[in-house]
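Please read the structure below before turning to the comments.
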Amino acid sequence: MATTRNLVKTYLDDIELARLDRLAGQLRLSRSELLRRLLMNRKLPDHRTFEASHAILDLLKVNADQARLGNLFKLALDEPLSADLLAKFDQLIVEIEGTQNALKDLVRQIDHSIRHKAQ
């Protein structure tokens, strides 16, 4: 299949190539797309958006782990326990729910920050 694109070769030293690769990786673009956008003065993606998205995913994973832990504690509470151990479990569940809510608030703040910067 014929193409209307032209191949352009260039020589870069190790430092230049490493910088190109690092920047392309941060922006999640191929080398070609990065150079094309720079040449045509087109907008580059903001690498902070990718970092924030990654942070949100990490926080959501922690939140899911917290939920599973809370569910395991609730199952443990169905078993006969001493009053002292039961009180400790209740306190731990409250702390887990507090951590989950804090994580959700962080995700909302990061998401709001991303949307605000994009506008």
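The values are calculated or read from the model by the stated rules, or taken from the named source; none is laboratory data. Here the structure is a predicted model, which is why all the values come from computation and not from measurement. No Cβ is skipped: glycine too gets one built from the backbone with ideal geometry, and neighbour counts run over all protein chains shown.
Observations, loosely collected:
- Of all residues in segment 20-54, those being surrounded by fewer than 12 Cβ atoms within 10 Å (Cβ to Cβ) and either basic (Lys, Arg) or within 30 Å of residue 88 (Cα to Cα) (or both) number 3.
- Evaluating residue 119 against the criteria (1) exposed (fewer than 13 other Cβ atoms within 10 Å of the Cβ); (2) at pLDDT 75 or above; (3) under 30 Å from residue 24 (Cβ atoms) leaves one unmet condition, (2).
- If you filter segment 1-16 down to residues that are charged (D, E, K, R) and part of a helix (DSSP H, G or I), you find that the one that is nearest to residue 54 (Cα to Cα) is 16.
- Candidates 28, 37, 68, filtered to the one that is more than 23 Å from residue 114 (Cα to Cα) and modelled with pLDDT of 80 or more: 68
- Enumeration of residues in segment 61-116 that are outside any helix (DSSP H, G or I) and either surrounded by 11 or more Cβ atoms within 10 Å (Cβ to Cβ) or not assigned by TED's automatic domain parsing to the domain that holds residue 51 (or both): 81
- Flag for residue 57 being of a type outside the set (S, T, N, Q), surrounded by 12 or more Cβ atoms within 10 Å (Cβ to Cβ) and part of a helix (DSSP H, G or I): no
- Residue within segment 17-36 that is of a type in the set (Asp, Glu), assigned to a helix (DSSP H, G or I) and in the same structural domain as residue 108 (by TED's automatic domain parsing) present: no
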